[in-house]
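K.L.:
Got a structure here, written out as structure tokens. Questions coming.
Bear in mind these aren't lab numbers, they're just calculated from the coordinates by the rules spelled out. Small disclaimer: the values here were computed from a predicted structure and weren't measured. Please note: Cβ atoms are built from the backbone with ideal geometry, for glycine as well, and neighbour counts cover all protein chains shown.
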Amino acid sequence: MATRAPVTVPCKYKTGKVLGNGSYAVVKEAVHIETGQYYAVKVINKQHMEGREHMIRNEINVLQKISQGHQNILSLVDHFETLNNLYLVTDLASGGELFDRICEKGSYFESDAVNIIRTVCDAAAYLHDHDIVHRDLKPENLLFRTPDEDADLLIADFGLSRIIDSEKFHILKTTCGTPGYMAPEILTKKGHGKPVDMWSIGVIAYFLLCGYVPFERENNIQEMNAILRADYTFDEEYWAGISEQAKDFIRCCLTLSPERRITAHQALKHPWLDNSAAKTKASNENASPEQQQDLLPNVRKNFNARRTFKKAVDLVRLSNHLRQKHSISMGDNYKSKGNQVRPVSESIEEVLKTD
């Protein structure tokens, strides 16, 4: 009996340049052959994902549930698989990341941050209404649909999202997300849900107003302890010109108790975000962009300084790690033989001088 040849289905897309790489996938630009419409396609290597297939199924389930439902949420357009790969076709967000767009602006005001956070809260409310928790909200996952100035801001990267089965009162207990944006209940593993997204939005709001995150510390342990205590301040040097409403909004988001933390729908009614309240305040104070404080110099300075410092610390850690490995392999003991090893603080200063 003759062996039947496998049926091949003509691919509807032609892939182009690489947009990004991950540990198990590559994201490429793709064009639909018939329509000429451009998309982004995540190409997932099945072999690399062996044993973690549930992560992909979850991402597909989440995206299918919310696709096309909100203009500020990245939509799943198509998905299919071949023998070796799985393909997720989504909107193409060609406008770049949020913070890059901010840094490219000539000026940046608190009212701009209000518009951004209002958009994110509105999208989060839509997700939560559909029992979806994103769990990794951060500036890097906020992308613009196009390079146009008035382009939609999109929430992207639903790889860590989960659909909560409200009928079964399902509680999430997996530690996930980006450390500086994690809610305390994620760290304690006592169970978490929709409120974790609001904590992250509070961190994003803080970051957008000053250029650094509230729980930034010298190491991960100190950062974790700061999150667990909600230990943060509004440094007068960078927050003197920021409204009390903005600070109150952040406090409402960075509330330790998930039950007392502000919800997405409540956030939209907060005086800092509420459109009617904002218009009333502007008319009462005769506020205009020209009269507002330009936040861009401080935000850009703080962001670049901390990025440079982090790069220096990473280089020092790598250098110390390699030096330690070399010491062990050579049977050398730096302490006992008196070899001079620069203190970490001095090493960082040297790196910063050459950066």
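K.L.:
Using θ = phi - 60° and the Karplus form 6.51 cos²θ - 1.76 cosθ + 1.60, what ³J(HN,Hα) does each residue of segment 236-250 get, whole Hz, x for Gly and Pro?
P.N.:
Computed from phi, the couplings for segment 236-250 are 4, 4, 10, 10, 4, x, 8, 5, 5, 4, 5, 5, 5, 4, 4 Hz.
K.L.:
With a ≥ b ≥ c taken as the square roots of the eigenvalues of the C-alpha gyration tensor of segment 5-129, please select rounded if a/c is under 1.5 and otherwise prolate if a/b is larger than b/c or oblate if it is not?
P.N.:
It is prolate, given that a/c is not under 1.5 and a/b is the larger ratio.
K.L.:
Normalised by the number of residues in segment 13-90, what is the relative contact order in percent for Cα pairs under 8 Å and 6+ residues apart?
P.N.:
Once divided by the residue count of segment 13-90, the mean separation gives 24 percent.
K.L.:
In what sequence do 119, 233 fall when counting other Cβ within 10 Å, fewest first?
P.N.:
233, 119
K.L.:
Within 10 Å of each residue's Cβ, count the other Cβ atoms and sort 38, 13 from fewest upward.
P.N.:
38, 13
K.L.:
Fewest first, what order do 150, 91, 112 take by the number of other Cβ atoms within 10 Å?
P.N.:
Ascending number of Cβ neighbours within 10 Å: 150, 112, 91.
K.L.:
Taking the Cα centroid of segment 225-245 and of segment 27-45, what is the distance between the two, rounded to the nearest whole Å?
P.N.:
The two parts, judged by their Cα centres, are 42 Å apart.
K.L.:
If you keep only loop residues by DSSP, which GluC sites (Glu not before Pro) in segment 209-271 have at most 12 other Cβ atoms within 10 Å of their Cβ?
P.N.:
Within segment 209-271, the qualifying GluC sites (Glu not before Pro) (loop, at most 12 other Cβ atoms within 10 Å) are 218, 259.
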